[in-house]
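A short worksheet on the structure shown next.
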Amino acid sequence: MGAHKETTGDPMGDGVNRAVPAPAGSGERDEDRVARRDEAVRAAVEQGLVGPGAPLVCLLDVAGIRASAAALRAAFDAVTAPGTPVLHAFAVKAAPLVPVLRLLREAGIGAEVASAGELALARAAGVAPARTVLDSPAKTRAELREALALGIAVNADNPQELERLDGLVRSAVTRSPVGIRVNPQVGGGSIEALSTATPTSKFGVALRDEGARAWLVQAYADRPWLTRLHTHSGSQGVPLSLMARGVAETYTLAEEINARIGRRQIDTLDIGGGLPVNFGSDVTTPTYAQYARLLAEVVPGLFDGRYGLVTEFGRSLLAKHGTVLTRVEYAKRAGGRPIAVTHAGVQIAARTVYAPASWPLRIAAYDAKGRPKPGPGVVQDVAGPACFAGDLLAEGRSLPLLEAGDHAAVLDTGAYCFAHHYAYNSLARPGVHGFAPDGGGVRFAVVREPQTLPEIVAESGGAHASSLTAL
């Protein structure tokens, strides 16, 4: 097995078929990413992206995102038979921002969408239907009809959805590959809310439930247009070994179905995503290469060219390349402990605030000029702006003492933070800027403008102020 060129169909969304060469490298050095981050923080302060009038900004490392996309493609190319069709589809829920989806599209990455809104974002970014996958446990008839009309791949979540698809497929010709999602029921990880392969997970057909396996075999036998099988066994907190077991169970089922039918009806396996992210340090671990090699050991038939492959990674592509940068508005003490009061809290990191043991985030201290702050570690809290006591990004954390006018950088926030705003206290959504080296400096580009006060009012029913008093 060796590297190959990934057939991408129409990756640019402009009707021109291209072959995007598989990247030669497998990523970049973690220290290079850290150096870019430090330079970007300094430049953001110098250029006024953050300051007294703009105390919160989100930064995305464009070079880092490109490197992660290249590492993903290279990892699977290294273990996949030449000529195998492979689609790496980014889980849009991790960063539903059109410029991010466009950047990933140009890096050879498609889109996995789970709602009409996410599909609209992927289409706005120019992601081709042939490089888009629709997954959701609650698809409406309208959403299914649109996907089939566009030629987007669809994974049915349950028997009732499959019955809906029966009628839609009979009523109109479609180019969409269609499959069924299965829950291999191999167990959960350390974060219960993100464990999708537990015995009672809401996702997919529960493979070990009584009668389920026989039903699945018959469902494919009765529907020659079912050509894919889908699973997603992992996410944050799930070990690679458990993820690989889930993929192995799904591969075995595909082999069983094809053998029972007597032909290779299932031609593509969608193995989901969910590679965990190391939030404890700047080291990228585990890597895509480690996961791909493990899969090749546990499920060697997955990569021998008989099956096309789809992946759906999200958090692991973006998390390490995002930084939330906030100005320290006040520095105070309570009970003898220093507290840095900032403008970043529950509105951008709700999971960390409400479940800090499962979602700890690192904080880096920078001075008023955006330079890494020296000094001994001082145990302190880093608080957000929301009006409840638990709005803390870090509690009892040892950092160089943060003072008013300094900056706190919330690290590894490129996924599930920038675009998942929690509007507590009607706090405005922060602006998002991408950055890249530019000669000896840093160049920024707007990804999303910060939310304005008139927009907050409009979103909160401002146009209907008298509607209730008129009743």
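Using just its DSSP H runs of length 4 or more, each adding -39500 (n - 2.57), the chain gives a mean residue ellipticity at 222 nm of -8500 deg cm²/dmol after division by all residues.
Rg ratio for the chain: its Cα radius of gyration over 2.2 N^0.38 Å, N being its residue count, equals 1.03. Basic side chains Lys and Arg get +1 at the Cβ, acidic Asp and Glu get -1 at the Cβ, and with that the dipole of segment 62-319 about its Cα centre reaches some 500 debye. Exposure proxy ranking for Val442, Val133, Val34, based on other Cβ atoms within 10 angstrom of each Cβ and starting from the fewest, stands as Val34, Val442, Val133. Among Arg213, Arg397, Arg181, the order by Cβ neighbours within 10 angstrom, fewest to most, reads Arg213, Arg397, Arg181. The count of lysine pairs in the chain that are at least 8 places apart or cross chains, and whose C-alpha atoms lie under 23 Å apart, stands at 7. From the P(r) of segment 320-457, could you give the percentage of C-alpha pairs in the tail past 27 Å? Roughly 20 percent, rounded to a whole number. Percent of C-alpha pairs per 5 Å bin in segment 62-319, short distances first: 1, 6, 14, 18, 21, 19, 13, 6, 2, 0, 0. What separates the Cα centres of segment 114-134 and segment 41-62 is a distance of 30 Å. Cβ crowding within 10 Å ranks Asp166, Asp157 as Asp166, Asp157, fewest other Cβ atoms first. Separation of segment 213-267 and segment 320-341, taken as the distance between their Cα centroids, equals 48 angstrom. What is the Cα centroid distance between segment 154-176 and segment 393-471, reported in whole angstrom? Here the two parts' Cα centres lie 40 Å apart. Based on the Stokes-Einstein relation at 4 °C and a viscosity of 1.567 mPa s, and on the Kirkwood radius from alpha carbon pairs, segment 27-181 is assigned a translational diffusion coefficient of 73 µm²/s.
Only the coordinates and a few stated rules stand behind these numbers; no lab work does. Nothing here was measured: the structure is a model prediction, and the numbers come from that model. When we count neighbours, we look across all protein chains shown, and the Cβ atoms used for this are built from the backbone with ideal geometry, even at glycine.
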